[in-house]
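Before any comments, here is the structure.
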Amino acid sequence: MLVAALAAAPVAAIAVLALSPSDGIWHHLATTVLPGYVVTSLTLMVGVGLGTAFGGVATAWLVTMYRFPGRRVFEWALLLPLAVPAYVNAYVFTDFLEYAGPLQTALRDVFGWTNRQDYWFPEIRSAGGAIAMMTLVLYPYVYLLARAAFLSQPACVLEVSRTLGKGPWASFFRVALPLARPAIAVGVSLVLMEVLNDFGTVDFFAVNTFTAGIYDVWMNMNSTAGAAQLALVLLLFVVALVLIERHSRRDQRFHQTTTRYKALPTQPLGPAAGALAMVFCALPIALGFVFPAAVLGRYALQHYQVTLEGDFLLHAWHSLALAGTSALVAVAVGLFLAYGARLGGAATRAGVRVASLGYAVPGAVLAVGVIVPMAALDNSVDGFMRATFGIPTGLLLSGTVVAVGYGYLVRFLALSYGAGESGLARVTPAMDGAARTLGATPLGVLRRVHLPMLRGSLLTGGILVFVDCMKELPMTVILRPFNFETLATFVHQYASDELLEECALGALAIVAVGVLPVVFLSRSLRGLRPGGEEAS
Amino acid sequence: MHGTTGGLAFEGVSHAFGPKVVVDDVTIAVPAGALTCLLGPSGCGKTTLLRLAAGLEPLRQGRILIGGAVVADGATRVAVPPERRNVGLMFQDYALFPHLTLRQNVAFGLAGRNDDRRAWVDEAIRRIGLDGLADKYPHTLSGGQQQRAALLRALAPQPGVLLLDEPFSGLDVTRRAQIREDTLALLRDSGVATLMVTHDPEEAMFMADRLMVMDGGRVVQAGPPEEIYFKPASAYVAGLFGKVNRLTGTARDGRVDTAVGPVPARGIGDGTAVEVLIRPEGLAVLPAEAVHGTPARTRFARLLGRSSHVHVAIAGDPPVEMEARVRDVYLPADGTEVRVELDPRQAFVFPLA
């Protein structure tokens, strides 16, 4: 319960702060920037939602149902863009596509254009550009869940639809798609949460979404209350999303009428269709992973000396230490909560659910929520010490690494908790009983039964938390101590100053770390189909 | 391809998965208005035949005709896609669409606004006693209700051929008999040519107008159920209907002498080593005072419900132990003296290979 309260504290703080009478900035905000934030955020959500739904479902269907050259590679390679943070992709594409970038320069050379007035070129730094960037790196969420759903569909349901007179297309739209709908909805809502959470891309593109707005009000207008109010509105968006997601998951239980699985027969595609399918699957991988990684790799090779001369190693150390510690703590707390939910009553379970909600809360909101109670705590401690001992303690927690770590913990607890929970689910009460009757003490059961069975899940959870901490930008930017840089903030800082070449090594490091969970995900995806080997 | 005329025909169909031949030169005609049953153990190729007929498996060799028209030909690569074959297929586990209600499931195969058939759907749901459940989702239905829904769904588009894959295997034993009767009545009414696959001999006997026994991808015997039961063409077919007593002997003068008396062996040459199969129900256990039969002692008796299962030991060199099935309750103490009499209709002689 205490842990749950700790995790819920930031959100509660925002609500209190936002609802308490303030300097009247709310009225100002509501009449000036708020409508813009709402429209931009909604535009991004609709655009990215549609884009990822289409791309994710189409690629998942192709690799699940059809045989074409490279399918086995695409199966896991389609997950790779997940390793690239949207902001990194945005830096790379901007660098390539902007007026002074190689593409436009080349075009000018070829066609003899001399300036901007001579030709039209899409502006990458726009809402459309942000939608494209985010779609490219976020579609794997939908792909992952849609593919899992397609894989777990019994083949005979599709076959029966065929014998009832529906062609392949009609069968897809009337049977396969509705069956996978809950999974797709979950995938899209994850994507939308990421969209709301994104700070790097929108800040860089100067697209004014809520997250960018919170940062702006906080840093430039110096209004905590205003930021909190914006954060609360954003939170309402998220709550709506969570409700939608819960709603579609509720249907999930009647999505299995059969326990029998048959290897899903894959159909070979003709040469033309096969080539088309290949291109369709290769495109998002190329744009979402290969291209940015290649560009960053080239820059990193050219400029690594400059980068290393700077504080790169220090930044990297900050990132590693912070992410590593947070991952360890998150796994421990997550496991603790998972046991709490297993052994405790309904109240504990409800508390645990609240505690794991942090993942849905955008980083910028959490940052505001973390800093406010911490500052209050610091101030009261400071006041108490000053009054009692005459020693000013100043700010003990806020603006320190602890604040960042706490933010990470609240935000990513859901990941480690989920891992712990799914691991514990495999340890049935009967196993405990069996071990006890075989003479093991309760501690012995933990050590000899639970721990070995949980090890894999805990490792996975830890890695997920670690990677997400490495990538995390908005919270780090707001909460970090003065002059404290992690790889993410370092990359963001340099890229914003158009110095992508010099921070390429850092971006590349983040991407490289991000590949780790992709490996795990693709491995667990392979074990999904209970029918075993696919028909070859 | 219209309605109830024509039926389904396999002509010289063979099929293999990799090197494993699962269907070997099968020729079958399934006439309209009758129920044909494929009987065989799992893995004998029965289900593959259904999938070939439905077009869910590409045909490699042979031809398949529905309503007199070729729908698949291994030689010319003709392959009508499943949705245009006008077949109804019911899967072993029903494969109801979990996202649709019972009524939507049944009406799935109806094209456009076909008011006649929609009325039929409502009427049919009422007739099979599910009218209160029409708007329920499949997971809330019992196994028997799901089975009936799946059957109706397959019948709703008025298929030329109905294919049933182990239609009763998912039901618990107590409900099975009733559902079998209901299904049979429904099929009789619709008059559709039906090909059903099962591994349960009792079910096959009950449902079939014509029975085909499959083994190793081949049809080893075809005929009316009683012919298959009383005139099995091989030891394999005789053994399908449950456990049998197996004895060996030598044919002489058109008969074989066994521990329970002579068994006719027509058409088998003198001196041929033979196998004699005697069904447990072909052995009558009589009191020791009876004038017929071979003296024996009971060894082990158990009540199965409607019948009793008795082991009898017959003295001799070597002594023979056999199994008999006796109607009603018959539980003699171990070692009771009895006589055993053979019903020659339940004893079959085949030359040993």
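Close amide H partners of B:L164, meaning residues 5 or more places away or on another chain with modelled amide H under 5 Å apart, are B:M90, B:L195, B:M196, B:V197. Across region A:92-108, coupling constants 3J(HN,Hα) worked out from phi with the 6.51/-1.76/1.60 Karplus curve, θ = phi - 60°, read 5, 5, 5, 4, 7, 9, 5, 3, 8, x, x, 5, 5, 4, 5, 4, 4 Hz, and Gly and Pro carry x. Placing a label point 7 Å from the Cα of A:M219 along the Cα-to-Cβ direction, the residues of region A:112-132 whose backbone N falls under 20 Å of that point are A:125-127, A:130.
Calculate, for A:D432 and A:V16, the FRET efficiency according to 1/(1 + (r/R0)^6) with r their C-beta to C-beta distance and R0 56 Å; round to the nearest 0.05.
Working: r = 42 Å, r/R0 = 0.76.
So the FRET efficiency works out to roughly 0.85.
Scan chain B and hand back the longest stretch that contains none of the trypsin sites (Lys or Arg not before Pro) lying in DSSP loops with at most 11 other Cβ atoms within 10 Å.
Numbers: sites that count: B:R77, B:R113, B:K243, B:R266, B:R306.
So the longest stretch without any such site is B:114-242.
Along the Cα→Cβ direction, 7 angstrom out, place labels at A:D118 and B:D116. What is the inter-label distance in nm? In this crude spin-label approximation the distance works out to 7.2 nm. Quick check on region A:166-253: take the gyration tensor over C-alpha atoms, sort the square-rooted eigenvalues as a ≥ b ≥ c, and tell me if it's rounded (a/c under 1.5), prolate or oblate. Prolate, because a/c is 1.5 or more and a/b exceeds b/c. What is the list of residues in region B:138-164 whose amide nitrogen lies under 14 Å from a point 7 angstrom out from the Cα of B:A69, following Cα to Cβ? Residues B:159-161 qualify, since their backbone N sits under 14 Å from the label point.
Rounded, prolate or oblate: which one fits the protein assembly as shown, using the alpha carbon gyration tensor with axes a ≥ b ≥ c (rounded when a/c is under 1.5, else prolate when a/b beats b/c, else oblate)? Prolate, because a/c is 1.5 or more and a/b exceeds b/c. Modelled spin-label separation between A:V401 and A:R342, with each label point placed 7 Å from Cα along the Cα-to-Cβ direction: 3.2 nm. Counting only Cα atoms, the size of region A:79-184 along its three principal axes is 63, 29, 20 Å, in decreasing order.
Basic side chains Lys and Arg get +1 at the Cβ, acidic Asp and Glu get -1 at the Cβ, and with that the dipole of chain A about its Cα centre reaches some 2780 debye.
What would the Debye equation give as log₁₀ I(q)/I(0) for region A:332-489 at q = 0.16 Å⁻¹, counting only Cα atoms as equal point scatterers? Each listed q maps to, in turn, -0.93.
Within the shell defined by Cβ-Cβ distances under 14 Å, the residues around A:E421 carry a net charge of +4, with Lys and Arg each +1 and Asp and Glu each -1.
Note on region B:147-284: Cα-only Rg and Dmax are 19.2, 60 Å.
Only Lys, Arg, Asp and Glu count, each charged at its Cβ (+1, +1, -1, -1), so figure out the dipole size of chain B about its Cα centre, rounded to 20 debye. Let's see the in-between values first.
Working: 38 positive and 40 negative charges, 153 e Å.
Once rounded to the nearest 20, the dipole reads 740 debye.
At most 14 other Cβ atoms within 10 Å and a DSSP loop assignment: could you name the chymotrypsin sites (Phe, Trp or Tyr not before Pro) in region A:81-123 that fit?
Values: sites: A:Y87, A:Y91, A:F93, A:F96, A:Y99, A:F111, A:W113, A:Y119, A:W120; in loops: A:Y99, A:W113, A:Y119, A:W120.
Here the chymotrypsin sites (Phe, Trp or Tyr not before Pro) that fit, given the DSSP loop and packing criteria, are A:Y99, A:W113, A:Y119, A:W120.
3J(HN,Hα) couplings calculated from phi for region B:195-204 with the Karplus curve 6.51 cos²θ - 1.76 cosθ + 1.60 (θ = phi - 60°) are, in sequence order, 10, 10, 10, 8, 10, 9, x, 5, 4, 4 Hz; Gly and Pro show x. Look at the Cα gyration tensor of region B:252-353: its axes a ≥ b ≥ c give a/c of at least 1.5 with a/b over b/c, and that counts as prolate.
Efficiency by 1/(1 + (r/R0)^6): what FRET value for B:D25 and A:V46, r their Cβ-Cβ distance, R0 = 56 Å, to the nearest 0.05? Numbers along the way, then the final one.
Values: r = 60 Å, r/R0 = 1.07.
That pair, B:D25 with A:V46, gives E of 0.40.
Just to confirm a number: summing +1 for Lys and Arg and -1 for Asp and Glu over residues other than A:P168 whose beta-carbon lies under 9 angstrom from that of A:P168, what do you get? Charge balance in the 9 Å sphere: +1.
Between A:H247 and B:T248, the FRET efficiency from the beta-carbon distance, with R0 = 56 Å, is close to 0.20. Beta-bridge orientation, region B:161-273: approximately 70 percent antiparallel, per DSSP, counting only bridges with both partners inside.
Taken residue by residue and averaged, Cβ atoms of other chains lying within 10 Å of the Cβ of A:166-176 number 2.
Qualifying GluC sites (Glu not before Pro) in region A:122-217, where qualification requires a DSSP coil assignment and no more than 15 other C-beta atoms within 10 Å, comprise A:E123.
Taking region B:278-353, which GluC sites (Glu not before Pro) meet the DSSP loop condition and have no more than 13 other C-beta atoms within 10 Å? In loop regions of region B:278-353 (DSSP not H, G, I, E or B), the sparsely surrounded GluC sites (Glu not before Pro) are B:E289. For B:K243, give me every one of the lysines with a C-alpha distance below 18 angstrom, ignoring sequence neighbours fewer than eight places off in its own chain. Partners found: B:K231.
Computed from the coordinates by the stated procedures, all read-outs in this text should not be read as laboratory data. Remember, it's a predicted structure, so these values are computed and weren't measured experimentally. Ideal geometry is used to build each Cβ from the backbone, glycine not excepted, and the neighbour counts take in all protein chains shown.
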